Structures are given as structure tokens and as C-alpha cells.
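Peer 1: Below is one structure. I have some questions about it.
The values are calculated or read from the model by the stated rules, or taken from the named source; none is laboratory data. Predicted model, so just to flag it, every value in this text is computed and none were measured. Here Cβ is always computed from backbone atoms with ideal geometry, including for glycine, and neighbour counts include all displayed protein chains. All accessible areas refer to the heavy atoms of the entire protein, side chains included, with ligands and DNA or RNA removed. Shrake-Rupley method; radii C 1.70, N 1.55, O 1.52, S 1.80 Å.
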Number of protein chains: 2
Amino acid sequence: MAVSPPRPKDLPLTALRAFEAAARLGGFSAAAAELGVTPGAVTAHVKTLETALGAALFDRTTRGVRLTALGRRVLPEFVAAFDALGAAVRTLRREAAPRTVHIATLPSIAQLWLSPRLPALRAAAPEIAISITAMETPPNLKRAPYDLSLFYDAAPAGRIEDDVIFPVCAPALAARLARPEDLVDASCLSDATWSDDWATWAAEAMPGAAFVPRGPVFSLYALAVEETVNGAGVLIGHQALVAAHLRRGDLVAPFDRRVRLDRGLRLWSDRPPRPGGPADRVARWLEDSR
Amino acid sequence: MAVSPPRPKDLPLTALRAFEAAARLGGFSAAAAELGVTPGAVTAHVKTLETALGAALFDRTTRGVRLTALGRRVLPEFVAAFDALGAAVRTLRREAAPRTVHIATLPSIAQLWLSPRLPALRAAAPEIAISITAMETPPNLKRAPYDLSLFYDAAPAGRIEDDVIFPVCAPALAARLARPEDLVDASCLSDATWSDDWATWAAEAMPGAAFVPRGPVFSLYALAVEETVNGAGVLIGHQALVAAHLRRGDLVAPFDRRVRLDRGLRLWSDRPPRPGGPADRVARWLEDSR
DNA sequence: TTCCTAGGGTCAGAAAAACTGAGTCGTCAT
DNA sequence: ATGACGACTCAGTTTTTCTGACCCTAGGAA
């Protein structure tokens, strides 16, 4: 014997993962976002699978995709399997680097809220290494290798502080702002992903005034804050993210009116971390640091 | 916001699979064989993982590898996860092609035992499609996408017939072979992977004679059989694989002495197939066809 | 209606991953 | 001491995976 023709390849793991994500999330785009690839890649993966199987896993409607009966039948098993794999990877990472805590958060939170606290946190727990990864969307903690997620979120569990917004500016500028109505002549800075902030605040501060903010829009909130400190205009501030500057006096709040949003800065993990473990200790410390 | 640096890639699935196989099987070569790649590929995968983790998973001894404490701690979870994934894939395949039975077997068995039975099997179960994949080593049915394995094996469960060996040759040649001792002048065909066959048989047929077979060695047993039918010499035959030719008269057994080996032709599956399902029906039919 | 948008699909080309093949080394068993 | 075994290395190649720019369709908004 001793003839070994290259074995028929089994189904590719990445394609299976793409199928699982697409099926679980109900769409190729959502799956692409979770996997960090383009939708076209997911399309290709699913098609690979369907071709190999000789059967359709999704019905394509122009408005999206829907699982076929076949897909629906096999999905739970795949979700469970990939959950198990994700858990195994997390175990592996934890065991391999027992003193490292991985935190996923928004870039703005990382720079404006987390970063100022790190020196004290390091001092309080010098044996724990903190790794911070910035991203736009909370990761799926069942899959991605993070111990803690820190994002704005409506859920109450693990809330560190409510999200409260109000205008802030450099002290020199505040002198020219006596009443909210003075804002119509000012440069009103805002953030692209939080574009409703000004309108939300104005609806409370100037009811019926149909206020339209005029000013630069930033794609990085931390940059908008920096510009505001430099006197570029009035920023619609988020309490948690401008608190340090207010305390320092770099920024001031020219008006009293503050608006509490339905969400808050929230810290959570997949399942409760082992009590007393590094992740647990970091979480408790951050929750107490508000 | 809206800045999305490419997410830090998670651990590559194929590398995890390589680790799992290497850890479970206790060596990189064994893992390479199961995965159908070269050992170098496994080496590279494991190193990728170890670099990403910053920790060793194996201790390299010159004589092989041994799991580190870390590797030992995480292995069971990975085995379970990949088992779950393999089961999910099998479910998927079964659901996608409910009437297809995938059989893994030796090339020689496929050609000389299975193939002659297929017409009758197809007639008996016309709605079932049979897919046969030839390979040198029984696959790990927990992982590879086969329903049934058909190999020579020592285990008694599922044995179809014992492996019995004895010389066979074309009828014209048999006239020149009166006693086993006449073999010393004959061309004795054999198979590379079953190179001990002649010695085993000779030890019983010619005790103390120190028989050394002389003749071509084949890497495909079916080819050796073909040559034997063509009169190229005397082959050490395996009952199951030459039975059809003996029945037809293409080959004859010049001597009475037959030697029963410790193994037999064995048909098995990972877990018992669903009673009455296609795999179960094919298995029963084959077992009854001896 | 007509636009706009949210999904998908397609394709060629590019990037990254995976793999091979041939050669090396160190030990164990013969 | 010699061969077998198991792992490692590395350059080069193959395969997989991904992107980017394009298209298409239907539903909802203007």
C-alpha cells in the first residue's frame, strides 16, 4: 500500500464559523461585523459550504437572508460547539497569562476615562497587567478574547455612572455665554456617532427653540475634547469623559442644565469572573472609582 | 468615532486544531497524520500559538514532545470543543444529504472486497448513495466526515471475517508447486505494508525452514493481485481480498495450509448509527454479505 | 411616484495563511 | 555505530481568505 492521495479536505473551519455567526446574528453583514471582515467574505464562506454540501443553508431574499429548515436544524449544535471553543480559548488565555486582564472599550472611553485611572489602578494592583483594546462596538464576549467590556449601554447591571450631557468649553469662552440662547452664535463641536446630543440637550434647555448646532463634527471624541480645551468652541460634553478636565479647570460648564440619558457607562463580563481573580479585582476597583 | 483599526485577530482556528490533535495524540507526527499535513505544518501551528500566548504548550524532548502543565490543563476543554464541532459537522452532512453513506477504507479493500459487492448493495437499497474514500489509516471518526470505517483491525466488535493468509497463484503456475518448499524457486509477490505475511505463513507451513521470499513488492495490493492473475508469480493472499478471484477460478491456492491472523476485516462507526437509518442499513447488509 | 437605504452578490486582484520538501540535529535501540 | 525516529528550519509555493469597487433588488421615506 502506502499510496496516500491527499485526503479529501474536511469542511473549512472558517467557513463554518462564518455560517454560525451569520445564522446566529440573522444576517451576513452582522456576521461580517462580528468577525471583523467584509460582507463579501461571509458571502463567499457560506457559498463554499453550500457548494460542498450540495444544499442551501440560507434563503436569499432581497431584503436579507433567512435560514433554511436545514440551517435551522443544525444551528444550535454549531452555536454550542463554537461557544465551547471560545470558552476553551478563554481558559487557555487565562491560564497562559494569569495576571493579565483584557478590557475592550470605546476609544474615547479608553483615552478620557480609563487612561487617567490607570496609574492609580496599577499602584493598587501592581501585579496585574492591564491590556486595553479600543473598538467601536462591544465584542461578543463568548467569542472574543476579552475579560471585561466597558461601553455605554442601557442595561442597568454593572452601570458605573449614568450618561449625563451638558455643554462645556474653555474658561475664556464661558464669559461670552450667559444663556443657552447665546449658543446660536457659537461654534458647537460634536461627535459623529453621538450626533443627537446637541438636539437632546437643547430640547430640555431651550424648549421649542429648534436649535441647530453649527460647528465641526469629529470622528474621535477625544480629539473634540482636545480642541475644546484649546478654545475651538463649545462641546456637548459627556460627564464621564470630561470630568477630569472639569476638575482640572481646563473646561467649565457654562450652563447649569444637564440632561441624563437612558444609558450609562457600563462594565460587564461574559460570566461573572472568579471572585478574587484578577478580572474581578479590576472590575471592582473600576466600579469603585467613579 | 468610527475609527475601526482591524481587530486584533483571535487565535487561528487551524492552529488550535493542530494543538488539540498534537496534544491528544501525543506527538506532532501523529497529529500531522490525522490532519493530513506534514509534521512541519504542525510545528509551525503550535509555535504560532505559543508565540501568541507567550507561553509554552509542549516541552520539547529530543525524543518527541510532552505537554506542559499549561497544555495539560487546557487540553480536555479543547478536545470536548472539537468533538462537539465534529459532531455538528456530521449532523450537518447527514441532514444535508440524508441518503448518502460515507465509507472510509483501505484502497485494497475498496477495490477487492467492497467494489464487487456494490452492485448487489445498490440493488438492495437503491435509494442510498454510497461514497467510498480510500485511505491508508483509519480516520478518527469523531472528526472526519465518514459514517463507516472498514479496515483490518484486532478488535472483535464488528468483525466481518478473520484475516486468513495463504499463497495463491494463477492455475497454470500451480502445477509446478507441489510442496511449500517449491516456493524457494518461485517469484513471491508481496505487499509493502504487509511485508511480514510470507514469513508468518512460512513459519507455520515450513517450520524451521528460514524461508526468505524473493520477488516484487507492490505498494498497491490490488495491483499485486492483478499481476498474480497474469501469472507473475505467487502472492501471499488475504482471504477476503482474493475470495472473488478464487471463486472465479482466476486464482487457485496451491497449498492447503492457511494461517489465521490476530486481526480481521472490521466495520465500525463512531457511535452506533441510528437503527434503521441509511448507515445502519448499509452496515448490516455488508456484515451479512460475508 | 422617485429617491434613498439596507442588505446581498460578484469579480479581479492582493494579502495572508498554510503547506511542502529537503535538509538538519540529537537521542534511542539495535 | 548505525539506522530509525521525531522534531525543527527555511525558502518557495499553493491555497485560502479577504478586500474594494462594482452591481442588483425591494422597502420605506419624501
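Peer 1: Quick check on region B:87-108. Is at least one of its residues in a helix (DSSP H, G or I), surrounded by fewer than 16 Cβ atoms within 10 Å (Cβ to Cβ) and either more than 9 Å from chain A (Cβ to nearest Cβ) or under 13 Å from the mean Cα position of the chain (by Cα) (or both)?
Peer 2: Looking for residues that are in a helix (DSSP H, G or I), surrounded by fewer than 16 Cβ atoms within 10 Å (Cβ to Cβ) and either more than 9 Å from chain A (Cβ to nearest Cβ) or under 13 Å from the mean Cα position of the chain (by Cα) (or both), one finds none in region B:87-108, hence no.
Peer 1: What number of residues within region B:65-80 satisfy the criterion of being within 16 Å of DNA strand D (Cβ to nearest atom) and either in contact with a Pro (Cβ under 9 Å, 6 or more places away or on another chain) or among the β-branched types (Val, Ile, Thr) (or both)? It would help to see each step written out before you state the result.
Peer 2: We begin by selecting, within region B:65-80, every residue within 16 Å of DNA strand D (Cβ to nearest atom); these are B:65-68, B:70-72, B:75.
Cutting the leftovers down to either in contact with a Pro (Cβ under 9 Å, 6 or more places away or on another chain) or among the β-branched types (Val, Ile, Thr) (or both) gives us B:65, B:68.
Total meeting the criteria: 2.
Peer 1: Would you say residue B:69 is open to solvent by 30 Å² or more (accessible area, probe 1.4 Å) and more than 16 Å from DNA strand C (Cβ to nearest atom)? Explain how you work it out, then say what you get.
Peer 2: On the way: open to solvent by 30 Å² or more (accessible area, probe 1.4 Å): yes; more than 16 Å from DNA strand C (Cβ to nearest atom): yes.
Here the answer is yes, as residue B:69 does meet what is asked.
Peer 1: Could you check region B:255-290 and list, in sequence order, the residues that are part of a loop (DSSP other than H, G, I, E, B) and within 23 Å of residue B:110 (Cβ to Cβ)?
Peer 2: Step one: of region B:255-290, the residues part of a loop (DSSP other than H, G, I, E, B) are B:255-258, B:269-277, B:289-290.
Within region B:255-290, B:269, B:270, B:273, B:277, B:289, B:290 meet the criteria.
Peer 1: Here is a follow-up. Return the residues of region B:204-232 that are more than 14 Å from every other protein chain (Cβ to nearest Cβ), in contact (Cβ under 8 Å) with a residue 24 or more places away in the chain and of a type in the set (A, V, I, L, M, F, W, C); say none if nothing qualifies. Lay out the reasoning, then the answer.
Peer 2: So in region B:204-232, the residues more than 14 Å from every other protein chain (Cβ to nearest Cβ) come out as B:204-216, B:226-232.
Among the residues that remain, those that are also in contact (Cβ under 8 Å) with a residue 24 or more places away in the chain are: B:204-206, B:209, B:211, B:213-216, B:227-232.
Passing the criteria: B:205, B:206, B:209, B:211, B:229, B:232.
Peer 1: Which residues, taken from region B:41-66, are open to solvent by 70 Å² or more (accessible area, probe 1.4 Å) and within 31 Å of the chain's Cα centre (by Cα)? Full working, then the answer.
Peer 2: The first filter runs over region B:41-66 and keeps only residues open to solvent by 70 Å² or more (accessible area, probe 1.4 Å), leaving B:47, B:51, B:59-60, B:62-63, B:66.
Within region B:41-66, B:47, B:59, B:60, B:62, B:63, B:66 meet the criteria.
Peer 1: Would you call residue A:189 aliphatic (A, V, I, L, M), closer than 30 Å to residue A:84 by Cβ and touching a Gly at 6+ places or on another chain (Cβ under 7 Å)? Outline the logic, then answer.
Peer 2: Values: aliphatic (A, V, I, L, M): yes; closer than 30 Å to residue A:84 by Cβ: no; touching a Gly at 6+ places or on another chain (Cβ under 7 Å): yes.
When the stated conditions are applied, residue A:189 does not pass them.
Peer 1: Let me ask something else about it. In region A:87-140, what count of residues is obtained for those that are modelled with pLDDT under 95 and basic (Lys, Arg)?
Peer 2: 4
Peer 1: Could you give every pair whose Cβ atoms fall below 6 Å, whose first residue belongs to region A:32-45 and is free of Cβ contacts under 8 Å to residues at least 12 places away in the same chain, and whose second residue is near DNA strand D (Cβ under 6 Å from one of its atoms) and outside any helix (DSSP H, G or I), counting only separations of at least 6 or pairs across chains?
Peer 2: Here the result reads A:32/A:38, each pair linking region A:32-45 to a residue that is near DNA strand D (Cβ under 6 Å from one of its atoms) and outside any helix (DSSP H, G or I).
Peer 1: Which pairs have Cβ atoms under 9 Å, sit 6 or more apart or on different chains, and link a residue in region A:267-278 that is closer than 15 Å to residue A:146 by Cβ and among the aromatic types (Phe, Trp, Tyr) to one that is assigned to a loop (DSSP other than H, G, I, E, B) and open to solvent by less than 100 Å² (accessible area, probe 1.4 Å)?
Peer 2: Matching pairs, first to second residue: A:268/A:138; A:268/A:141; A:268/A:155; A:268/A:157; A:268/A:158.
Peer 1: How about region A:165-192: which of its residues are surrounded by fewer than 16 Cβ atoms within 10 Å (Cβ to Cβ) and under 18 Å from residue A:261 (Cβ atoms)? Before the answer, list the steps.
Peer 2: Initially, region A:165-192 is screened for residues surrounded by fewer than 16 Cβ atoms within 10 Å (Cβ to Cβ), giving A:171-172, A:175-176, A:178-179, A:181-182, A:184-185, A:192.
Answer for region A:165-192, where residues must be surrounded by fewer than 16 Cβ atoms within 10 Å (Cβ to Cβ) and under 18 Å from residue A:261 (Cβ atoms): just A:192.
Peer 1: Can you tell which of A:38, A:48, A:62 is β-branched (Val, Ile, Thr), closer than 20 Å to residue A:10 by Cβ and within 13 Å of DNA strand D (Cβ to nearest atom)?
Peer 2: On the way: A:38 fails: closer than 20 Å to residue A:10 by Cβ; A:62 fails: closer than 20 Å to residue A:10 by Cβ.
When all the criteria are applied, what remains is A:48.
Peer 1: A follow-up question, please. Residues A:5, A:12: which one is away from DNA strand D (no atom under 11 Å from the Cβ) and either within 17 Å of residue B:14 (Cβ to Cβ) or at pLDDT below 95 (or both)? Working first, answer last.
Peer 2: Values: A:12 fails: away from DNA strand D (no atom under 11 Å from the Cβ).
After ruling out the rest, the residue left standing is A:5.
Peer 1: Something else about it: Yes or no: region A:149-157 includes at least one residue that is surrounded by 19 or more Cβ atoms within 10 Å (Cβ to Cβ), in contact (Cβ under 8 Å) with a residue 24 or more places away in the chain, among the aliphatic types (A, V, I, L, M) and outside the structural domain of residue A:211 (by TED's automatic domain parsing).
Peer 2: Looking for residues that are surrounded by 19 or more Cβ atoms within 10 Å (Cβ to Cβ), in contact (Cβ under 8 Å) with a residue 24 or more places away in the chain, among the aliphatic types (A, V, I, L, M) and outside the structural domain of residue A:211 (by TED's automatic domain parsing), one finds at least one in region A:149-157, hence yes.
Peer 1: Please go through region B:227-254 and give me each residue that is open to solvent by 10 Å² or more (accessible area, probe 1.4 Å) and outside any loop (DSSP other than H, G, I, E, B), ordered by number.
Peer 2: B:227, B:229, B:239, B:243, B:244, B:245, B:246, B:247, B:248, B:252
Peer 1: From the list B:125, B:110, B:104, B:120, exactly one residue is assigned by TED's automatic domain parsing to the domain that holds residue B:137 and touching a Lys or Arg at 6+ places or on another chain (Cβ under 7 Å). Which is it? Give the derivation first.
Peer 2: Details: B:110 fails: touching a Lys or Arg at 6+ places or on another chain (Cβ under 7 Å); B:104 fails: touching a Lys or Arg at 6+ places or on another chain (Cβ under 7 Å); B:120 fails: touching a Lys or Arg at 6+ places or on another chain (Cβ under 7 Å).
Unique residue meeting the criteria: B:125.
Peer 1: Which one is least open to solvent (accessible area, probe 1.4 Å) among residues in region B:24-40 that are assigned to a helix (DSSP H, G or I) and away from DNA strand C (no atom under 12 Å from the Cβ)? First the steps, then the outcome.
Peer 2: So the first thing to find is which residues in region B:24-40 are assigned to a helix (DSSP H, G or I), and the list is B:24-25, B:28-35, B:39-40.
Restricting the remaining residues to those that are away from DNA strand C (no atom under 12 Å from the Cβ) gives B:24-25, B:30.
Values: B:24: 71, B:25: 70, B:30: 44 Å².
My answer is B:30.
Peer 1: Which residues, taken from region A:54-66, are more than 10 Å from DNA strand C (Cβ to nearest atom) and either assigned by TED's automatic domain parsing to the domain that holds residue A:140 or touching a residue at least 40 places away in the same chain (Cβ under 8 Å) (or both)?
Peer 2: Across region A:54-66, there are no qualifying residues.
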